[in-house]
Structure formats: structure tokens, C-alpha cells
1. Quick one: dipole size for chain B, taken about the Cα centre, charges +1 on Lys/Arg Cβ and -1 on Asp/Glu Cβ, in debye to the nearest 20.
2. Hey, got the average number of other protein chain Cβ atoms within 10 angstrom for residues in C:73-80?
3. Based on the Cβ-Cβ distance of B:Ala98 and B:Ala189, what FRET efficiency does E = 1/(1 + (r/R0)^6) give at R0 = 35 Å, to the nearest 0.05?
4. Once the principal axes of the Cα atoms of the protein assembly as shown are found, what is the range along each, listed largest first in whole angstroms?
5. Between B:Leu338 and B:Asn168, what FRET efficiency comes out of the Förster formula 1/(1 + (r/R0)^6) with R0 = 35 Å and r the beta carbon distance, rounded to 0.05?
6. Just how many pairs of Lys in the protein assembly as shown have C-alpha atoms closer than 22 Å, counting pairs that are eight or more places apart or on different chains?
7. I need the Kirkwood Rh of chain A: take the reciprocal of the average 1/r across all distinct C-alpha pairs and report it in angstrom.
8. Place a +1 charge on the Cβ of each Lys and Arg in the protein assembly as shown and a -1 charge on the Cβ of each Asp and Glu, then give the dipole magnitude about the Cα centre in debye, rounded to the nearest 20.
Amino acid sequence: MSTLVLLTITGLGLGALYFLIASGLSLIYGLMGVLNFAHGAFITFGAYAAWWITTHVEASAEAELILATAFGLVFGAVLGALIELVFIRPLYRRPIEQVLVTVGLALALGALVFGIWGADPKLFPDRPGEEISLPSWMIDTTTILGARIPNDRFVEIAVAVVVLAGLTAFLRFTRIGLIIRAGVENRSMVTALGIDVRKTFTFVFAVGGALAALAGVLSGIYFSTVDPGRGTSLLIFAFIVVVIGGFGSIGGSAVAAVAVGLVQQYANYYAADWLDWSGAGDVAVMFLLAGVLLLRPEGLAPKVAH
Amino acid sequence: MMTPRRAVVPVLLLALLIVLPFLSVDIPVLFGGPLDSPGTLNLLALCLVFAGVALSYDLLFGYTGLLSFGHALYFALGVYLPAIAVTEWEWSLPAALALLAVVAIALPLVLGAVSLRVTGIAFAMVTLAFAQAGNVIVQTNPGGLTGGDEGIILNFDPLPDFVVGIVNTKYLYWLALGYAVAVFLIARAAIGSSAGHVWRAIRDNERRVEVIGLRPYPYKLLAFVLASFLAAWGGFLWLLLIGVTPEVTTATFTLTLLVMVVLGGTGTRFGALVGGFAYTLLDNRLRNLAGEERIQDLPDVLRVPLSEPLFLLGALFVAIVFFAPGGISSFPARLRSLVYRRAAKESAS
Amino acid sequence: MSTATALDVNDLHVYLGESHVLQGVSFSVAKGGVTALLGRNGVGKTTTLRALMGLVPRSRGSVEVQGENVTRLPTHAIVRRGIGYVPEDRDVFAGLTVEENLRLSERGGNGRYDLVYDLFPELRERGRQRAGTLSGGQQQMVAIARALLNDNDLLLIDEPTKGLAPLLVTEVAVALERAAELSTILLVEQNLGVAKRVAEHAVVLDGGRVVYEGAAGELLSNPERVRELLGVGGAGH
């Protein structure tokens, strides 16, 4: 029982990371029809930006973490907005070229991370000369039904829940949210109502960049390191979450992220034991995707581009 | 069909490529040693392999309009399966290759049948997921078969002598040339066939294909299986040239195939060949350049980007998409129209 | 340019794929009243409206709204010159509520909700219902209401009575008459009864060009001309 609880909460923690990445991807794709491969760079750069802060600032563990997270978030948002303005906007109405450009950016930015910080993982947070790097309550465990759960898992889950609630409220109650929801359905009709829908493109890229960077920072806490391949490896699972959850749907992304995180953790533990193979969790997720597509291909096809 | 006059250039080029291992010519900048040196021949062989693999990818992307992010899986199949068969199971080479031939049809048939149930971006993501499963399998080394990060040290005993050893690089080169030519001929025949016409119709407007009463699905599956099968043999040549390395299973590897095709020009007969060849050559030269002292002595702002070939190639790719969407193969036509326009302007003034 | 016209279209050419749909369409819409844009099926009426809106690329020609050239403006900027658009397939946002559909189209924060709810009282009652769950007729009301909500000078309305039950056709015709008191209307309408009832002017397209421009009554009360220009009663219809 205690193992199941541990796996469940760890799976939810992982699902929280996937959700943060997938929600931005899903909004960008839903609104603009752009599959953003550069999203992985937002994750990685966000994580490294936060790591960089922890190496350059001396403060209490809490203050440092909050500062690092805020910096990573802003860095991701700015990077997202810049990429939209400089690279995506000039190719408006050329969706294939937009995807290709994000592929080029993903390769180039990924290589840049290697070039700047090297291939080896960095300890996160990095507090030279300090005994503890994370706030001590985060390293402590809480016992639930006999399972000792590291507290940082709860932080990841809580952040994702807050983001989910915030995004949902934002989409429902603000004018930009209204435009985004309408734009996901029918972009050209939104412009035919006299609304400059392109302004929301920069906005969703900035939000997507910020959330991906947040996921990058949280992944640094989850794995205790940041590494240059982090963005790519998380991005692939986020892609799967977006396909399962449906493009443009925040709620769908949340459900799918939880499903993927849990399947991965359960399979990793139970099947890995049984098969004596550590890749079971990841491969199980691929099977989950294939299964969903076989059962409901029509429900998962992207909306018709217009 | 090619008219005799248009065939002259490709035939001459092919003749040159065939006799190339006998030419002791130094081409500075492009190659590190004379053309007949093993190092240069190995690089040229690799360029030819990727010319073929890029063309196989273009059958999917450029001709049928299928954006797959999982092509690396089938290339990796050609690397790993024969290596495991001859090394771990101690099969003979013919038996290993027969197995590869069967699996290189069966696997894309099954995975393609599933992935092609969805279209567009969802298809891209499903192929990516399957390829990623392949990557996970290779990395996690189930049953000690794949060797994880280390790869596999190939058992050379079952291999014929002429593919082993540095002095025999020219045979590998000819093998690679044969592969590129074979892929080209097969692709040309396939594109010219009735199925090839349907592929292009699907690319241009899938709905219209359905309207005239054809089911696009089997045609797309055919393209998928053919392209994967051809890529697998490119993987086998990589095995002989480079060996077993897990990097061929990564998503980044598939993305570089996409870069090659777009670099050369999609949906054109020679574009992908040129793109695959040029990309591989450029990648190699940039790697060498990165190691040079004059780069290492530069300030960080310049040194870091210049010593990452993938950064430069990614940036070049973005520039191509922005400024020359037809890729390298469109350059002659662009140049011609530029010269022509200038001539017209001069005669007008 | 004279400002007596609400809209001037000059030598408009549009290609859709490879087909040359509009081959030099020129006409003017006088200020006030309803101008009907008529023609056989597939003659390019909807394409004309979409081209005026900047929703399809125009290869040649110019469009002037109240004497101002808007040819090169993006769609949203054209609309902000005071245009309301009711598309052929209504294109209401199915996932948004009726009230959200209206709020989205409101420009400048002074939407004429009283006017709209007075014309279509049902919309007030169904404000919180998702537009996708409405009947076709109710969706048409939302689409027209979106265009009437702002104080537009010109309304482009594409087949508002298409596929509606006879009772609803009358209701829409009444709404059009009411709207015509407030704005100039360019109306694409296949229902000649409705066109005859509301339109003063008519523009007829054929073969990608304008073949008639003049009084609507004169054209529509002449059965021979109607058959000749609109093909009604002909073999194809």
C-alpha cells in the first residue's frame, strides 16, 4: 500500500511537470496551428537561468529559490515572446514553415546550451559553501499511509493545480482569454470581428515560455539537477500529453498529464520488477498513446486548419 | 523520363563518383586529405549514405506530405538488428541481413498502420513517440542486447574481409555509392508509378483524393513502408562505416533528416540527395573547424556558437526556410532569374 | 472619390487555388438602404464578400470604404472602419455562450445590446447557453446580432435565410429591414422573395464579373431578366 501511495504521488508530481509544458504547447497549437519544437529550449533555458541565479546570489534557501524561479519564469516568457515576434510572426499563414523554423530553433538553441554549460548535469539549486541547497522543509518527508513522500512532490503538484486554476479562470473571465478561446475555434472569424488576433499570439508564446520555464525549474528540484537534455526529454512526453488531451484544451491536458505521469510511474515500478527492465515506464506511455489513438482516432485528430 | 541531354550531367557525375577512390587529388577546405585517403573516403561514403536516407525521408515528407518525426527508428533498426544478430546471437551475415529485410518491412507496416490512423501533427507526434520508445529500449539495454550508452562492439568475424579494415574503405565507399544510386532509382520508379501520382495528390489535397474515390490510407502506408525499408539499409551501411552508437535513435537524429531534406529542397528529384550529402559534409567540416586553435582562441561570445556545429546548422536551416524555401536545389533557378533580370534591366536602360 | 457611396469596388480579381473566381468585379454601394448581390450558385458572391473583408487574398483591384482605400489593410483593420460581417455559415463560436459571442464582437465598449435583444428577445433568454447547442435559426440570430451590436456604417451579410424554416425567414427579413434603417447593407441572398422585399439596388455577378447594376425592383419584377441573369427556372435549377 505504501508503495502504491508513493508511486501515485510521484506520478502526480511528474504529471504536474508535463501539464505545465503541455498547457502552453496546446494553447499555441490550438490558436496558431504551430507545433512548437522550440518549447524544449524554453524548459532548458528556464532551468539554467534559475540555476545561474542560485550560483550568483547569496540569500536564504527560500529567498534564493523564489528569486531563481521568478527569474527563470521571466526569462522563459521573454524568450517565448521574442521567438514569436522574430521567427514565427513573419511566417504568418505558412504553418509548415513555422514548424520547420521551430525545429531549427530547437536544434540551434539545444546546441547552444551544450556549448555554454557543457554536457554534464549541474546540481540544482547550486549554493556554494552552503550545507543545504533547498529549503529544509522541502527535503523533509511527510508520511501518508505509511509512505514517506519527499515534500517537494507536493510543491510541484500544488504549483500545477494553481496554474490550472489560474489558466482556466483567465481563459473564462478575461477579454484576452475570450479571444484565445474563440481563436482556437475559428481564427479568421475572430479577425472578421475587428480583433487583431496576432497580439494574442505573442501573448500565448510568452505564457507558454513562462510555464515551460517553470516546469524546467521544478524539474531541477524534482531531479536535483539541471542538464542540457532536460528540455527534449520532457518535451516528448508533453507532446504525448497534448495528443491524448486534445489540442487547445487545458482541461484535457491536465487529465492526460495525470494519466501519463501515473502510467509511467506504475509501469516503471511494477513492470520493471517483472521484466527486469528499467525502460518499461516510458514504453508503457508510448503504448498508452497508441491505444488511445486506436480506440478514438477521430477524437484526437487536430482541428481543421483554416 | 530524363531526356538524353538532361541525363548527361548525372551520368558524368556518377562516373566521377565511381572512379573517385583512384583520384589522389587534394581539395582544401572541403576535405581534410586527398580524395583517395581512407578518412576522406569514409566521409564521402557517409555523405552518400545520408543522400540516400534523406531521399527516403523525402518520399514521406516531400512527396506524400507526411511529416514523420520517427524516421530515425528505421535507420536505427538497420544499425542495431544486424549488429545484435551477428554479435549477440552469432548469426551469419546473410541470415542477419535476411532478418533485417523481413523486420524492415514488418515493423513499419505495423507501426505505420497505427500511426496513419491520424493525420497531420498528430501523426508527427505518434511517429515521434514510437521512435522514442525505440530510443528508450536502446538506452535501457534490455537483456544486455543493445549495450545502452556504450553501443555494441561489432563482431567482425562473420563479415566478409572487404568491408573490414582501413585499407578497404574504398569498397565501403562503393557500397555506399551503390546504396545512394539504388535508393535514387527505386525512389524515381516509385514516384513515377501510379502510386507515386497518388502520393503527390495526397500531399496537395488529401480531401480531393477521397472525393475521386481513392482511399489515401493504403497509399500512405506504402510510402511509409518503402521509405522505412530504404532507411534501414542506410542504417546497415552506417553500422559498417561508424559502428553502433545510440545517437541514431534520438529525436534529434530524425530532426537532422528533416533539416537535410529542407536544405536540399523538398519534393525534387535531386534536392534530398544534395541536402543529405551537403549536410553531412558541412557537419563534419564544422566539427573539425570547432577543434581548430583559431576558433578556440576566440572570445566566448564567438567561440561557443562556432564550436557547436548543430547550432550553426540549425541557424542555417532557419535562414534557408526564411530566405530560400526551395533549398539548395532552387539556387540555379534563382541565380538564373537574377542574372536574367539584371540583363533585362541593362538592356532596358 | 465621392463620399456618397459606402463602398466602391474596382476591378477586383481573386484566385482560389488555380481557378480565377473574380475576374474584374467593379460596383458601388450607395449610402443607405440595401443592395442585393445576386447571381447563380458558385458565381463568386461569397468570395466577393470575403475578398472585401480581406479574408481571401486579392490579386488585383481596389476596395474603398467611405472613400478610404482599404485594399492593403488586414481584416481586423478593415472591420474597424465600421463594417459588420455575417458569414455564410454563420460561424458562431460554438464553445462560447451567446453572451460571450456578443461580448467578443463588441468594439469600443458601447454595444447596442438593447437594440439586439429587442430584435431577438430569445438571445437574452439564452445568454448563458453555448452557441453550439442552438438551432440553426438561433445561430443565425447570433451572427446577425454580432454585426448589429456595433454602430457599423456598412453590413456585409451572406445568405442569412439559407436553410431556415419559412417563419424564421420572415423574422430575419424583419431584422434586415430594421438593420437597413441604421446602416448600409450589402446582402447576398438566394431567396428572391426576401431580396425583393428588402433591397433597393441590385448587383448581379456572372462569369466572375458584374453583369447588372441598378434598381432591384426593376430587375426582380421582370421574370425574363431574372431567368436570363440568375438562371432561376432554368434547367440547372
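1. The dipole of chain B has a size of about 1900 debye.
2. 5
3. Efficiency computed from Cβ-Cβ geometry: 0.90.
4. 95, 80, 54
5. Result of the calculation: an efficiency of 0.15.
6. 7
7. 19.9 Å
8. Here the protein assembly as shown has a charge dipole of around 2540 debye.
The values are calculated or read from the model by the stated rules, or taken from the named source; none is laboratory data. Not measured: the values here are computed from a predicted model. We place every Cβ from the backbone using ideal geometry, glycine too, and count neighbours over all the protein chains shown. Heavy atoms of the whole protein, side chains included, go into the accessibility calculation; ligands, DNA and RNA do not. Shrake-Rupley method; radii C 1.70, N 1.55, O 1.52, S 1.80 Å.
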